[in-house]
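Down below is the structure, laid out as structure tokens.
FYI, it's all coordinate maths here, none of it is from the lab. Predicted, not measured: the structure shown is a model, and the values here were computed from it. All Cβ positions, even for glycine, are placed from backbone atoms using ideal geometry, and neighbour counts span all protein chains on display.
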Amino acid sequence: MEEHREANRRAGDRQAGFNDLLIDSVDETFTKVLGAKATTILYNHWSTRLGIIREEIPCNLPKFFESMDEIFGTGYKTIGEQVIRKLYAKAEIPLEYSENRPPLEYAKELKHILTKKPP
């Protein structure tokens, strides 16, 4: 029973690690590209319109990235790429980025890598 609890705690730590990296990457990218005030406005928009608060972004990846596409239009590719590059750098995972692959796929892939059970 204690082993099961410890395994669950480690899995939770890995999930929390991804969540923190993603939130930090979004914060830093948006603040750098858009500024602090616009970033706050975006978080308020996601909260009131989509029901996603900042801390819940990692649990709502498809909805989050879809809304970024709707908000930024053609600028989504650039901002999405910057979020992903920042995320992978923070995770210290090499990244070969292709514009043909949506940012959501990269985020899901890294989440899987970081949260999978080690051998």
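Return the FRET efficiency for the residue pair VAL33, GLU109: r is the Cβ-Cβ distance, R0 is 25 Å, and the value is rounded to the nearest 0.05.
Taking R0 as 25 Å, the efficiency between VAL33 and GLU109 is 0.65.
Between ARG54 and SER98, what's the calculated FRET efficiency when r is the beta-carbon distance and R0 is 22 Å? Round to 0.05.
Plugging the Cβ-Cβ distance into 1/(1 + (r/R0)^6) gives 0.20.
In the stretch 33-119, which chymotrypsin sites (Phe, Trp or Tyr not before Pro) fall in coil by DSSP and have 14 or fewer other Cβ atoms within 10 Å?
Within the stretch 33-119, the qualifying chymotrypsin sites (Phe, Trp or Tyr not before Pro) (loop, at most 14 other Cβ atoms within 10 Å) are TYR97.
So if I take the centroid of the Cα atoms in the stretch 25-74 and the same for the stretch 78-119, what is the distance between those two points in Å?
17
Any idea which of HIS45, ILE57, ILE79 is furthest toward the positive side of the dipole for the stretch 2-111, if Lys and Arg beta-carbons carry +1 and Asp and Glu beta-carbons -1?
The Cα lying farthest towards the positive end belongs to HIS45.
For the stretch 2-111, what is the charge dipole size about the Cα centre, in debye to the nearest 20, if Lys and Arg each add +1 at the Cβ and Asp and Glu each add -1 at the Cβ?
240
For the stretch 2-111, restrict the atom set to alpha-carbon positions and state the Rg and Dmax in Å.
Over the stretch 2-111's Cα set, Rg and Dmax evaluate to 14.7, 51 Å.
Multiply the residue gap between ILE23 and ILE41 by 0.36 nm, knock off their C-alpha separation, and tell me the result in nm, one decimal place.
The ILE23-ILE41 span can extend by a further 4.9 nm.
Using Cβ counts within 10 Å as a stand-in for footprinting exposure, how do ASP24, ASP69 rank, fewest first?
In order of increasing Cβ crowding within 10 Å: ASP24, ASP69.
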